[in-house]
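Novice: Okay, handing you the structure first.
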Amino acid sequence: MISDLGGVHHEYARIEFSEGTGLMLKRILLKVWRSVPESVRRRFWLMVNPLRDRALRILINYHPCRKIPPPDAPIVIAGLFRSANGLGEAARATYWSLRAAGLAPIAVDVTDAITIADIETGIPLSALPKDRRGTLILHVNGPETEPALRSLGFLRGRKWRVIGYWAWELPTFPEGWNKAFGLVSELWTLSEFTASSLQRDAGAPRIHSLPIAITLPKNVVADRARFGLSNEAFVVLTMADARSSFGRKNPLGAIAAFRTAFGDRAEFQLIVKTRNIESSPQALSALNEAIDGATNISLLDGAMTNEERWTLLASVDTLVSLHRAEGFGLSPAEAMALGKPVIATGWSGNMSFMTADSSLLVNHELVRVNDPFGIYRDDDAQWAEPDVDHAAALLARLAADKELAERIGAVARRRIADICDPQIIGLRMAALLRGEALTGA
């Protein structure tokens with residue numbers, strides 16, 4: 001089973017090169033590797049992983065400390081700060097949450113150990129402090145825990161509390177992730193939905209649910225001309241990352257709902273925002289087939305800066321997420337924070353912040369996981385199959401009823417402000433770092 005929150009594959013080969021030429025070679029090697037058929041890559045890792053695990057047990061002599069470090073010990077957030085994916089956004093959100101709570105976290109980037117950097121961050125990045133005691137909040141998933149710790153130099157002599165901050169999207173426990181339990185003191189995760197999945201393993205450490213904090217940028221404004229959008233059109237947005245499984249994100253369902261609701265009418269426009277589409281010719285082919293030359297549907301691919309992403313969200317009338325499973329649902333939450341009405345599948349992690357009065361929830365049925373893009377493989381798991389016709393009806397209703405859109409958008413804005421406020425989340429995190437129990441956690 002492979003999961004990928006926004007583009008971090010749970011299969012990797014870390015090769016050290018000098019800067020410049022090394023980065024270019026790394027990109028070439030990763031591109032070649034991703035061109036290898038999925039079945040061949042899977043067989044390769046089935047052979048290599050046991051050998052690697054045996055070697056690591058010999059080389060690494062590190063055990064996390066469950067004791068609360070002294071108040072003056074450093075608090076470090078290690079994560080994919082230079083990646084535009086969901087794990088990167090979560091790391092950045094944790095940094096700003098702790099700052100809002102009055103703490104002084106240290107940000108340490110591990111992007112190069114896990115994936116390819118595709119954005120710059122305004123957060124000051126530092127090296128890992130050499131203190132013997134401290135707290136490390138590690139924003140990578142189970143399979144990346146060991147390589148991230150290794151890249152940080154967590155080998156011997158450390159007495160740090162290590163908090164794994166994991167994301168997962170299915171209701172079953174992810175195969176093999178329990179190998180990382182011995183490397184973390186406790187787990188944080190993004191929703192109760194994910195927490196319940198991780199708790200299915202009897203060996204799981206204590207788990208707390210903490211959503212991603214959402215910080216609205218100052219003076220964010222719509223700019224439709226920037227994205228080639230008509231000022232008079234009703235504009236719909238759907239978003240997906242090819243490395244997070246198009247099967248799970250289901251932009252094809254959003255396209256089908258849009259075309260059912262509006263056909264080829266120019267006064268309605270759909271933006272399909274993707275990332276890493278070049279890594280999956282299968283996904284690109286499926287998108288082109290679904291769009292089928294429709295002139296009112298635009299494909300926009302690539303990593304976006306924080307400012308670009310918020311400007312795009314501000315420029316549309318609604319966001320549609322016909323996902324089959326979400327660990328949290330960052331894009332819908334951000335759209336709601338802007339007061340946008342969101343149409344989304346009424347199941348999984350997004351239900352931690354979505355209600356019938358703050359969004360338009362799409363009917364669905366639970367079906368066995370069948371991911372044609374090969375990211376998720378679990379014969380025992382189920383995910384949602386959203387009702388495309390119901391989503392189309394909701395789209396048509398929203399486009400025709402401006403009062404409905406404004407009412408739902410206003411409730412959505414207040415709900416996200418209550419649930420995803422950085423200071424509120426930061427204070428909850430600070431309490432957990434002090435070893436205090438949270439009510440309902």
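Any read-out appearing in this document is the output of simple, stated calculations on the displayed coordinates, not a laboratory observation. None of these values were measured; they are calculated from a predicted model. Glycine gets a Cβ as well: all are built from the backbone with ideal geometry, and neighbour counts include every protein chain shown.
Novice: When a/c is below 1.5 the answer is rounded, else prolate if a/b is larger than b/c, else oblate, so apply that to the range 224-420 with a ≥ b ≥ c taken from the square roots of the Cα gyration tensor eigenvalues.
Specialist: rounded
Novice: To continue, here is another question. Using the scaling law 2.2 N^0.38 Å as the reference, what is the normalised Cα Rg of the range 79-205?
Specialist: 1.03
Novice: Based only on the alpha carbon positions, what is the Kirkwood hydrodynamic radius of the chain, in angstrom?
Specialist: 22.4
Novice: In percent, how large is the relative contact order of the chain, given Cα pairs closer than 8 Å and 6 or more residues apart?
Specialist: Rounded, it is 17 percent for the chain.
Novice: Related question: Net charge within 11 Å of I416 by Cβ-Cβ distance, Lys/Arg positive one each and Asp/Glu negative one each, not counting I416 itself?
Specialist: +1
Novice: Calculate the length of the line joining the C-alpha centroid of the range 132-176 to that of the range 372-411, in whole Å.
Specialist: Using only Cα atoms to place each centre, the spacing works out to 33 Å.
Novice: Determine, for D131, D357, D109, the number of other Cβ atoms within 10 Å of each Cβ, and report the residues in order from fewest to most.
Specialist: The most exposed by this proxy come first: D357, D131, D109.
Novice: Please list log₁₀ I(q)/I(0) at q = 0.24 Å⁻¹ for the range 153-215, using the Debye equation with identical point scatterers on the alpha-carbon positions.
Specialist: The computed values of log10 I(q)/I(0) come out as -1.00.
Novice: Ok, one more. For H364, H139, H323, what's the fewest-to-most ordering of other Cβ within 10 Å of each Cβ?
Specialist: Taking fewest neighbouring Cβ atoms as first place, the list is H364, H139, H323.
Novice: A further question follows. Testing the spin-label approximation: label points 7 Å from Cα along Cα→Cβ at Q423 and R407. State their distance in nm.
Specialist: Simple spin-label model gives 3.2 nm for this pair.
Novice: Sum up the charges of everything whose Cβ sits under 11 Å from the Cβ of A107, counting Lys and Arg as +1 and Asp and Glu as -1, but leave A107 out.
Specialist: +2
Novice: Return, ordered by residue number, the residues of the range 167-208 whose backbone nitrogen is under 20 Å from a label point located 7 Å along Cα→Cβ of R368.
Specialist: Residues passing the 20 Å test: 170-175.
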